[in-house]
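Note sheet for the following structure.
Derivation of every value follows stated rules applied to the coordinates shown; laboratory data play no part. This is a predicted model, so every value here is computed, not measured. Quick reminder, even Gly has a Cβ in these numbers, built from the backbone with ideal geometry, and neighbours come from all protein chains shown.
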Amino acid sequence: MAEFRYTALTGGPAGVIDAPDRPTAVRMLVARGITPGAVEPTGTAKPAAKSAAKSPPAPKPAPSKARTAAEQAGLPGAEPAATEAPAAAPATAAPRGRAAMGLSDMASFIRELATAVQAGLPIVPALRTLGKSGRNAAQSAMLAHLIAEVETGRTLAQACTAWGKPFNELTINLIRAGEASGKLGDVLHQAADLLERELQLRRTLLQATLYPVILLGLVSIAIVIVTTVIVPQILEPLKGQNITLPLPTRMVQGFAWFVGSYWWAIAGALGAAFLLLTRAHRQPESRLAIDRFILRLPLFGPLVRDASVARFTRTLGTLVRSGLPVLTGLRLTGATMTNHALRQAISGVCDEVSGGKTIAEPLEKTGVFPPLLVQIVSLGERSGKLPELLGQAADSLEGRTQSRIKVLTTILPPILVVLVACVVGVVVAAILLPLLEMQDAAARL
């Protein structure tokens, strides 16, 4: 038996425990409801029981480069562990690059874990409890990995980092901040709120754009079918007639002839344009130009900007409220922005803030953030209530995003209806005008 000195992140004060080796000491502490930080041998050996007197001594734990949970969290006075046992292999290998959960399931998982932690359950029993609630195979493998990692002495943030998706850098840093501050349950609830807000915003944007896109696609298909198939059959009797066709009829016939003769060229051009756009979207310089163009679009540009800025504000407020430094929160939030123009603007803000400037001044210089947000950030920095004011600003920006979406969904359908009416009018004129001219010519005979 050996004596191990430990520090506790949650569940009790630091102390000493007797165990045959370090992994057993960690498991004993977890069973007592204590989440250990550093677990180090004191160098004091305890006499073994008589029944085990002839047993060979336990092998000395191998040194490891892994740091303790207190070191990772940045706690003051944390010392690296002298020895570290090799990590036990998880029950199921982590499928790298494959997310075990979608955004909705991830938000529910974080919320359930936060509730269990706030109820007083240690991490491992909480994870085991969540594993009993009908998880699929991928989620069960993820939970088994997290449990195995935590049981070997790693923090929850380290276990999530080792697994990968769906734990992104933002979620992992929130978990790490919660473990360092001793408020893991509260921070997990904040992370769940952030994920649920992001999910709601995605669904709102999808709802705003899905109907117009489907309607425009169906109308385009209908126009092509009518002008290339139906109209030529109706105008078939006019072939060979000694009459001058009206302009709408000639336009429809020309369109039908072009599509029928060069459909392969049209399909090839559309495919090439799609491939070029996809390739340009992967290149940083062209992606930046595309994202800047999107922000300048008449209707969709302000909507995309407001939605992205609302997400930026909500995420930054959550990170600062959880205890992360403002500069770290800015960098993490900027890395989550999907619009590269806004990401570049936030990167410039980070550079100026790291040079000693406030946040409000470089935010205003970018020209892409609303004046309301700049004023609220400036007030929050002066008053020391930046997280609370950022939350209020996020509420206001999300409300404005909802208003823009309502306006967009109200305006687009009538515009599309008018466009369809104009096209239908041209097609009807292309059919009726030559028939009326034939009728007049027949009446004059």
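Could you pull the Cα extents of the range 208-445 along its three principal axes, largest to smallest, in whole Å?
Largest to smallest, the principal-axis extents are 93, 34, 25 Å.
In the range 119-152, what trypsin sites (Lys or Arg not before Pro) fall in a loop by DSSP, with at most 15 other Cβ atoms inside 10 Å?
Listed in order of number, the matching sites are K132.
Only Cα pairs under 8 Å and at least 6 apart count here; give the relative contact order of the range 208-445 as a rounded whole percent.
30 percent
Using a simple charge model, +1 on the beta-carbon of Lys and Arg, -1 on the beta-carbon of Asp and Glu, nothing else, what dipole does the range 304-429 show about its Cα centre, in debye to the nearest 20?
It comes to approximately 160 debye.
Write down the Å³ per residue value for the convex hull defined by the alpha carbon atoms of the range 185-302.
For the range 185-302, the hull spanned by Cα atoms encloses 175 Å³ per residue.
Which links in K183/K385; K183/K365; K385/K406 stretch past 29 Å when you go from one Cα to the other?
K183/K365; K385/K406
What net charge do the residues around V187 carry, taking every other residue with its C-beta under 11 Å from that of V187, with Lys and Arg at +1 and Asp and Glu at -1?
0
Roughly what % of Cα-Cα distances in the range 103-197 sit above 18 Å, to the whole percent?
Above the 18 Å cut-off, the range 103-197 has 39 percent of its Cα pairs.
Give, as ranges by residue number, the residues of the range 247-290 whose backbone N falls under 15 Å from the point 7 Å along Cα→Cβ of M438.
249-250
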